[in-house]
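Presented below is the structure to which this report refers.
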Amino acid sequence: MKPIQMVDLGSQYLEIKDAIDHKIQEILQSSRFIGGPEVQGLQQELEAYLGVKHVIPCANGTDALQIAMMALGLKPGDEVITASFTYVATAEVIALLGLTPVLVDVDPETFCLDPQQVEAAITPKTKAIVPVHLFGQCAPMKEIMQIANEHELFVIEDTAQAIGADYLYENGTSQKAGTIGHIGCTSFFPSKNLGCYGDGGAIFTNDDILAEKLRIIANHGQTAQYYHDFVGVNSRLDAIQAAVLRCKLPHLDTYNKKRLSVAKQYNEAFAKTDKLRTPSTAGYTSHVFHQYTLQLAGVDRNALKAYLAEHQIPGMIYYPVPLHQQKAYRDARYPDGHFPVSENLAATVFSLPISPNLTEEQQAYSIKHVMAFVG
Ligand SMILES: *Cc1c(COP(=O)(O)O)cnc(C)c1O
């Protein structure tokens, strides 16, 4: 059996090696390393795949969030509401721009923003809401958009973990994650569901004026060559990364389906014990399982991790510390105990290997050892 990895990028590469190697050779020979037809092509193909009017490629997902907040004209003192249980990037750009983060707890079932708590956190200074589609399912966008419209707030979706997921409306229509809010932000970090071979990111919007502003800010605030009308940043996607993403995009739905079937196998196996709470999917969203995250009930997490490691099975804790308990983001408004769901998740979550290339044999082996440990 091949060694198990959290994400098996090597096996995925071998499946598309010819196309990737050919493209990279072509780019080396063309010497068009930044911008050019690959980046343009990716932009158009992503627009078509997502059903969104504008895709603005950039250097990474964190930049995407920062550029989005800059393009919306958010100013120091403006409040931005986001989840207390998530990756650090959102809080980081809020802090860098001198904005005020307003954290709210997440829903214990979906690990995503709880709309009622979002509404309760709104003040006259609130300018934007940043829902994170954590682990691969959508936050409750219909409710979040309703709240945003009522209070005239911007919504920036962080869809770094949910590219390809569908938000499902009652009338049978759907929209892709990241295309519902005013702006959507994603990351193409190698381990994401659509990952390149370095850093990469993109911003989505259906608003023509915002799209223009986002493009300008991502390129040094430049409106014409060497004319800078805005303070911007340097955030480019390079041609090699764009080419890799163009090779993978046609397979994204297949990759996501494979992740879903891995998740279903895990769910079935772990339903047999009440010591493992399997992840639930809300009725309004598909799930692309960026992570397969269990909640442990009466299981020693460190001992489980060590036991699995002894059997060459990796396991990860996404995330061990909620934002309000991170040293860099400690805030008197949010003492320990303030966000009980986030704190409980941080103490009990445990993520198992999941990727399109996890084999049945590898998965059966992992399940066997997890079940042996929990008894
Ligand atoms: C990965 C990730 C980001 C940041 O993306 P980078 O490309 O690493 O900057 C932001 N938000 C979430 C939820 C992520 O998972």
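No lab work stands behind these numbers, since they all come straight from the coordinates. Treat the numbers as computed from the prediction; the structure is a model and nothing was measured. Cβ sites come from the backbone with ideal geometry, for glycine too, and all protein chains shown count toward neighbours.
Order 32-39, 76-83 from most to least packed using the mean count of other Cβ atoms within 10 Å.
76-83, 32-39
At q = 0.10 Å⁻¹, what is the log10 ratio I(q)/I(0) for the stretch 163-287, with the Debye formula run over Cα points and no solvent?
-0.47
If I model a spin label at Glu152 and Leu96 as a point 7 Å from the Cα along the Cα→Cβ vector, what separation in nanometres do I get?
So the two model labels end up 3.0 nm from each other.
Would you mind calculating the relative contact order of the chain from Cα pairs under 8 angstrom and at least 6 residues apart, reporting the percent as a whole number?
22 percent
Report Rg/Rh for the chain, rounded to two decimals, where Rg is the Cα radius of gyration and Rh the Kirkwood radius.
That ratio equals 0.97.
Show that you can apply the helix-only estimate: for the chain, add -39,500 (n - 2.57) for every DSSP H stretch of four or more residues, divide by all residues, and state [θ] at 222 nm to the nearest 500.
Value at 222 nm, helices only: -12000 deg cm²/dmol.
Considering the Cα positions of the stretch 252-374, please state its Rg to one decimal place and its Dmax as a whole number of Å.
Cα radius of gyration and Dmax of the stretch 252-374 are 15.8, 49 Å respectively.
Could you point to the residue in Met141, Gly178, Gly221 farthest towards the positive end of the stretch 9-250's charge dipole, with +1 and -1 charges on the Cβ of Lys/Arg and Asp/Glu respectively?
Of the listed residues, the answer is Gly221.
What does the convex hull of the Cα atoms come to per residue for the stretch 303-367, in Å³?
117 Å³
Which pairs break 23 Å Cα to Cα here: Lys17/Lys192; Lys192/Lys257; Lys192/Lys272; Lys142/Lys264; Lys53/Lys213?
Result: Lys192/Lys272; Lys142/Lys264 exceed 23 Å.
Using 0.36 nm per residue of separation minus the Cα-Cα distance, give me the extension gain between Ser280 and Lys264 in nm, one decimal.
Answer, rounded to one decimal: 4.7 nm.
Quote the charge dipole size of the chain about the Cα centre in Debye, to the nearest 20; the model charges only the Cβ of Lys and Arg (+1) and of Asp and Glu (-1).
Its charge dipole is roughly 660 debye.
Sort 222-234, 111-123 for me by packing, meaning the mean count of neighbouring Cβ atoms within 10 Å per residue, highest on top.
Those peptides, ordered most packed to least, come out 111-123, 222-234.
Give the calculated FRET efficiency between Lys272 and Thr359 to the nearest 0.05, with a Förster radius of 22 Å applied to their Cβ-Cβ distance.
0.50
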